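Below is one structure, written out as C-alpha cells; the observations come after it.
What follows draws every value from the coordinates through simple rules; no lab data is involved. No experiment lies behind these values; they were computed from the predicted model shown.
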C-alpha cells in the first residue's frame, strides 16, 4: 500500500478476502457498479485535495476541509448544521493541510477572530457559513452525493 489508514476514535475493522469479493461482484453486478462508482468518487476527491493543498492558501484549505467533512457527515445526519466533531490536534491539522502546527494555530486563531470558524475542544463550530464557503471555494459537486449524481 502507498498510504496508511488510522482512526481517530475507537473503530471496528472488517476484512473481505479477494476471493469472496470477486464471487460477490460476479454474482451481483450492481455491487460491482457501486464499487466502480465509489472508485470514481474517490478519484474526484483526490483531485480536489490536490487543488486544495497545491493551490489554496492555508486558511482556505482549512475552510475547505471543514466544509467537506461537514457535507459528508451531513449525508449520515450525524451532525448539526453548525457544529461537528473534529478530534484533531493542531499537529494533525497541520499535517492534513501541509503546514506546520504553529501555522495551523495562527490560522485557527485568525478564523476565530474573523468570526468565520472556531476550532476548540475537539469540535468545529461554523460561525459564518457564507464567508466560510467563499473562503474555502467549496463546491460539493465533486462528492457526488446528490440524488442525480
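Computed on the Cα atoms alone, the convex hull of region 34-122 gives a volume of 100 cubic angstrom per residue. Over the chain, DSSP H runs of length four or greater, each weighted -39,500 (n - 2.57), average out per residue to a 222 nm ellipticity of -18500 deg cm²/dmol. Between 0 and 90 degrees, the angle of helix 29-55 with respect to the longest Cα principal axis of the chain falls at about 30 degrees.
Counting only alpha carbon atoms, the long axis of helix 58-76 and the longest principal axis of the chain meet at about 50°.
Once the Cα atoms are used to define both axes, helix 101-113 deviates from the longest principal axis of the chain by about 70 degrees.
Could you let me know the centre-to-centre spacing of region 45-101 and region 120-142, using Cα atoms, in angstrom? For region 45-101 versus region 120-142, the Cα centre distance is 9 Å.
Annotation: Cα Rg of the chain relative to the compact-globule expectation 2.2 N^0.38 Å equals 1.19.
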